[in-house]
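Q: Handing you this structure, nothing more for now.
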Amino acid sequence: MVAAAVDIALFTQLSDDPDRYGWAGLGTPAAVIVGAGAVAVPILAFRRRAPAVASLTLAMYAIVLTLTIGSRPLLTLLVALFTAAAWESRRRALLCLTATLAAHAVGTGYEASLSGPGPRPFAVIAVATVYVLLDVAAWGAGRRTSAARQRAAYLEESRAALAAEAVRAERQRIGRELHDIVAHSISLIAVQAAGAARVVHGDPVRAERSMESICQLSQEAIVELRRMLTLVEGTPAGQDVTTDPATSPGIPDLLPGLLELIAQVRETGHQVELGVTGTPAALDSSVRLAAHRIAQEALTNAVKHGSADSQIHLSVTWTVDHLDLRISNHVRPTTRAEPHPFSTGRGLYGLQERARLVGGHLDTSSTESTFTISASLPTTSLNQPSLEPTAAK
């Protein structure tokens, strides 16, 4: 409304020098001039819904006004052009700029037609230059606004995508931790229960030991699951559930942790041979957790898929900047054709992902009777942030 009022007051016959008049002549009633100029108000009000339509309509209407009653709208056209440039595509914005320039070209022609004394060429050139500069400036400001809005939208979409990716990664991390906590204990419990069932009549003492081991493993699994759920439920949104030092139980040193895992496996009746080569070095917490979980899952797989009387070989090799783990065991012939009833199907994938997350790699190989898992991990994690444990055994 303000733009229309300024146009009526400054760029119509109401403000023209009475000694000068153009092709529209003189004597147009003021009511007609004001009414014709006020038509721009509802068109401008519509510009948010259809910016290009409003700009083109006002440009054509300005040409009609200039040709008929000598009005030369300026601000209303600039406002409509800015809105179109800010909200329409570049192609439509250029079309609106062309229409506005055409309307102001007609206005420049009207300025040239004004009668009266004095030279006119320089004044006409000045008017034309001002029109062009104002039109281009309004269009450019609109395009900059459009670019800024698009950048803001892109950043918002990127932020949302990053947030979704963080949620997905956190869910995968929680899933890996739950798998490591549950799969190891449940697999050993299943083996112990099967062994106890076989010897319950012939060797009650051994069956009793198996049941005691089952009770201990079950309690440990429940404690670790409770700790994991406490961390998940008590961690604010957006915070990694695994990095709270006040609640993290800590990562065991690699060799003591391996000896504890080996002791649990030996209780199932499997023999485990441990070999250590090289000088142990300090490990990042994330690497130490990955090594512990890889050994834990590999030993669990050996118990599930290996022969009861077969030996499991676990070797730990320290080099200058790497830790190499190798776990091999004999497998039953039926394990290649039939899935194990206690297998989750996610173990090897989880191991490979854990190794990748700290900058290492994990490979598997097999023969007719042997299955081997080999992992090479850097002593210092190459990826940040590092994975801290929710529970370590």
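The values are calculated or read from the model by the stated rules, or taken from the named source; none is laboratory data. As the structure is a computational prediction, the values presented were derived from the model and not from experiment. No Cβ is skipped: glycine too gets one built from the backbone with ideal geometry, and neighbour counts run over all protein chains shown. Ligands, DNA and RNA are stripped out before the accessible areas are found, and what is left, the full protein with its side chains, is counted by its heavy atoms. Shrake-Rupley method; radii C 1.70, N 1.55, O 1.52, S 1.80 Å.
Q: Over segment 267-325, what percent of the accessible surface lies on carbon and sulfur atoms, probe 1.4 Å?
A: Its accessible area is 49 percent carbon and sulfur atoms.
Q: Another one. On a 1.4 Å probe surface of the protein chains, which of R176, R356 comes out largest in accessible area, and what is the full order?
A: Result of the area sort, largest leading: R356, R176.
Q: Something else about it: Taking the Cα-to-Cβ direction at V167 and at V124 and moving 7 Å from each Cα, how far apart do the two end points lie in nm?
A: 6.6
Q: How many Å² of accessible area per residue for segment 70-171, probe 1.4 Å?
A: That works out to 55 Å² for each residue.
Q: Can I ask one more? Which net charge results when you count Lys and Arg as +1 and Asp and Glu as -1 among the other residues whose beta-carbon is under 14 Å from that of T277?
A: -1
Q: Here is a follow-up. Points 7 angstrom from Cα along the Cβ direction at A102 and A30: gap in nanometres?
A: 3.5
Q: What FRET efficiency comes out for H201 versus L348 if R0 is 41 angstrom and r is the Cβ-Cβ distance? Round to the nearest 0.05.
A: So the FRET efficiency works out to roughly 0.60.
Q: Then there's this: Provide the gained length on full extension for the span M60 to E273, in nm with one decimal, where the gain is 0.36 nm per separating residue minus the Cα-Cα distance.
A: 67.6 nm
Q: Can you compute the label reach from A9? Point 7 Å from Cα along the Cβ direction, backbone N cut-off under 13 Å, restricted to segment 35-68.
A: Output list for this probe position: empty.
Q: Additional query: Where the eigenvalues come from the Cα gyration tensor of segment 54-100, what are the semi-axes √(5λ) of the equivalent ellipsoid, largest first, in whole Å?
A: Here the semi-axes work out to 21, 10, 6 Å.
Q: Computed FRET efficiency, Cβ-Cβ of T145 and E220, R0 45 Å: what is it to the nearest 0.05?
A: The pair T145/E220 has a calculated efficiency of 0.15.
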